[in-house]
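The values are calculated or read from the model by the stated rules, or taken from the named source; none is laboratory data. Quick caveat: nothing in here was measured; it's all calculated off a predicted structure. Cβ placement follows ideal geometry from the backbone for every residue including glycine, while neighbour counts extend to all protein chains displayed. To get the accessible areas, we keep the full protein, side chains included, count just its heavy atoms, and leave off ligands, DNA and RNA. Shrake-Rupley method; radii C 1.70, N 1.55, O 1.52, S 1.80 Å.
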Amino acid sequence: MTKMEPISVTRYRRGEMHSFQSVGQEFMYLVSAGSIFALDQAATNVLARLDEREMSHAELVEALVAGGYDGADAEELIRELRLVRGIVTDRGAPEPGPTSPPADFPLQALVLNITNQCNLACTYCYEFGADKIATPAGKPKYMTIDTAKTSVDFLLEQSRDRGAVHITFFGGETLMNFKLLKEVVLYANEAAAAAGKTIGFSLTTNATLLTDEIIAFLSDNGIGVTVSMDGPPDLQDKHRVYKTGKGTYAVIEPRLRKLIANHKTRAITARVTLTNGVTDVVRIYRHLKDDIGFHEVGFAPVTTSGDHDYSINGDGMNEVLAQFHELADEWLEYALRGRMHGFTNVSETIGELLAGVNKSHPCGAGLGLLGVSPSGDLSPCHRFTDADTHTLGNLETGIDQDKREDFLSRGHVTAKYECQTCWARPLCAGGCHHEAFVRYGDTGHANLHYCDWIREWTDTCLKIYGALSALNPQFLERFAERKALS
């Protein structure tokens, strides 16, 4: 048996962390735990010294006592820092990473692509545009009620012991198959109740087909709505057009106002695709939030494999990030006054920080979530629907566990070499699988073109979290409660 080294001569080094400052307070974000800790001056000084050299236990105690701690408090702080891996030893266990989900991880959600047809011809569309990976030729254009009911039964069975499940309706343009959507909601509610589960619903739409009847049904059934919209008329009509080239703003604007006024049960959100020439984030946000009345507005750069005319270049991305910062500052101002802001890009990150997420994968694709095509093929998510090279089985034959395992093993954050030295990996895990495939030809490739962006944005949200924890922690508590209910 090897004799244990006395703790007094144990040598420590700094653990993997990202240090940041907010409202005059020092904080550390611990990568191994996905956790945030406020530091006093003595602890900050100790960690700074460990940046320069390793220190023994005795040296650390001595440094803390010199900084104002008594001996017992110094020992307790060292114990706490060791526990959260703020400080580590070479003799200790290796840095823990996120655990791999079990092979039979239960489903939580399905994205039903109830049609692969769309009444628009958006020039940047990942489904039908230059970077499409779908292969819909010869396949059903609309999901049948039998396929939809089988999907519901599949979800309830594969969710095993989960008490709550979710269905997102998607397209094409989802509302082109509204008749089916209504039938599915009614069937799923009954089937879930019989199984002793609760079920929720949401959909994504371009809003061109909204009617009073549809709005009433969505509200009556508590169906969440995300509208794909890019801003005021000049920006919306740049890419989001009919097949004739005609813009869509004039059609959807009055319908959106009705939707927001009459949908009483769920918040209505907008999802903006940023493209070359559509990067005026603040103006878009003001129009969608203040003029139209969306509850939340989120932004994402266009998915693209290369140099298309709608791609955003480096200068454009810098402009976008600068405006993100402007809205982030506003989000914090609202929060300090106890008010909710509608900038989703901050809200989502703060929610993840509050939950202490440490992701094994960028999202639930292929894990707790699957996409279902009109033909019944299963895919990792809606972005891979009808792509023959990315199927993970079929409703009739079940999940192809070998394909699923291959997809998940390649997408695991520990399989991405470039991610291993990045402090932001607990929140990012390498980025979107679909983006990775379109850009690099591999769903398991890290989204390297966004790395600097992700680190800077995560640092911004950490500082917001730090400011609120110091100045208005009650807001964070209410925000966490609200997230748990959403």
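Please label the shape of the range 235-361 as rounded, prolate or oblate, based on the square roots a ≥ b ≥ c of the eigenvalues of the alpha-carbon gyration tensor (a/c under 1.5 means rounded; beyond that, a/b larger than b/c means prolate, else oblate). The shape class here is oblate. Dividing the alpha-carbon radius of gyration of the range 11-88 by the rule-of-thumb value 2.2 N^0.38 Å gives 1.01.
Across the protein chains, with a 1.4 Å probe defining accessible surface, the residues TYR450, TYR310 rank TYR450, TYR310 from largest area downward. Only Lys, Arg, Asp and Glu carry charge here, each on its Cβ (+1 for the first two, -1 for the last two); on that basis the range 317-378 has a dipole of about 260 debye about its Cα centre. Counting only alpha carbon atoms, the long axis of helix 344-355 and the longest principal axis of the chain meet at about 50°. Could you tell me which of rounded, prolate or oblate describes the range 193-293, using a ≥ b ≥ c as the square roots of the eigenvalues of the alpha-carbon gyration tensor, with rounded for a/c under 1.5 and, failing that, prolate when a/b is larger than b/c and oblate otherwise? It comes out prolate by the Cα gyration axes. Amide H contacts for ILE268 (H built 1.01 Å from N in the peptide plane; partners 5 or more residues away or on another chain; cut-off under 5 Å): HIS295, GLU296. About its Cα centre, the dipole of the range 404-486 is roughly 180 debye, where the only charges are +1 on Lys and Arg Cβ and -1 on Asp and Glu Cβ. For the range 307-448, the relative contact order is 17 percent, taking Cα pairs closer than 8 Å that sit 6 or more residues apart in sequence and dividing their mean separation by the residue count. Close amide H pairs (under 5 Å, H built 1.01 Å from N) link SER19 with TYR29, residues at least 5 positions away or on another chain. Rg and Dmax of the range 115-156, based on Cα coordinates, read 13.3, 37 Å.
When you restrict to C-alpha pairs under 8 Å that are six or more residues apart and normalise by the size of the range 11-88, the relative contact order lands at 36 percent.
Residues in the range 11-88 average 47 Å² of solvent-accessible surface per residue, probe 1.4 Å, ligands and nucleic acids excluded. Adding -39500 (n - 2.57) for every DSSP H run of four residues or longer, then dividing by how many residues the chain holds, sets the calculated 222 nm ellipticity at -12500 deg cm²/dmol. Distance from the Cα centroid of the range 330-394 to that of the range 422-442 is 13 Å (rounded to whole angstrom). Here the dipole of the chain is about 960 debye; that uses its Cα centre as origin and unit charges on the Cβ of Lys and Arg (positive) and Asp and Glu (negative). Among HIS18, HIS434, HIS308, the order of accessible area from largest down is HIS308, HIS18, HIS434, computed with a 1.4 Å probe on protein heavy atoms. Of the three principal axes defined by the Cα atoms of the range 147-247, the extents in descending order read 49, 25, 22 Å. Quantify how much of the Cα-Cα distance distribution of the chain extends past 28 Å, in percent. More than 28 Å apart: 58 percent of the Cα pairs in the chain. Loop-located trypsin sites (Lys or Arg not before Pro) in the range 37-142 (DSSP state not H, G, I, E or B) with no more than 11 neighbouring Cβ atoms inside 10 Å: ARG53, ARG91. Per the Kirkwood formula applied to alpha carbons, the range 103-187 shows a radius of gyration over Rh ratio, Rg over Rh, of 1.02. Can you tally the net charge around ALA436? Count Lys and Arg as +1, Asp and Glu as -1, for every other residue whose Cβ sits under 13 Å from the Cβ of ALA436. Once positives and negatives cancel, what remains is 0. Of the residues ALA365, GLY393, CYS419, the one whose Cα sits farthest toward the positive end of the charge dipole of the range 362-432, with +1 on the Cβ of Lys and Arg and -1 on the Cβ of Asp and Glu, is CYS419. Give me the angle, in degrees from 0 to 90, between the Cα long axis of helix 473-485 and the longest principal axis of the Cα atoms of the chain, rounded to the nearest 10. The angle comes out near 40 degrees.
Please state the relative contact order of the chain as a whole percent: Cα pairs under 8 Å, 6+ residues apart? With pairs under 8 Å counted, the relative contact order is 16 percent. Annotation: extensible slack from GLN474 through LYS179 equals 101.8 nm (criterion: 0.36 nm per residue apart, minus Cα-Cα distance). Taking the longest Cα principal axis of the chain as reference, the axis of helix 314-336 is set at about 80 degrees. Give the carbon-plus-sulfur fraction of the accessible surface of the range 11-88 in %, rounded to a whole number; probe 1.4 Å, heavy atoms of protein chains only. Heavy-atom surface of the range 11-88 belonging to carbon and sulfur, 1.4 Å probe: 46 percent.
Each residue of the range 415-421 was assigned a 3J(HN,Hα) from its phi angle through the Karplus expression (A = 6.51, B = -1.76, C = 1.60, θ = phi - 60°), giving 8, 9, 3, 5, 7, 5, 10 Hz with x at Gly and Pro.
Across the options ILE36, THR443, THR265, the greatest Cα extent toward the positive end of the charge dipole of the chain (unit charges at beta carbon of Lys, Arg, Asp, Glu) belongs to THR265.
Taking amide H positions as modeled 1.01 Å from N, with prolines and chain starts lacking one, the residues under 5 Å from ILE87 and 5 or more places away or on another chain are GLY15, ARG82.
Shown are ILE399, ILE252, whose ranking by accessible area with a 1.4 Å probe and every protein chain present, most to least, is ILE399, ILE252. Shown for the range 387-486: the carbon plus sulfur share of the solvent-accessible area, taken with all protein chains present and a 1.4 angstrom probe, equals 51%. Using the Cβ-Cβ distance between GLU333 and GLN401 with R0 set to 51 Å, the FRET efficiency works out to roughly 0.55.
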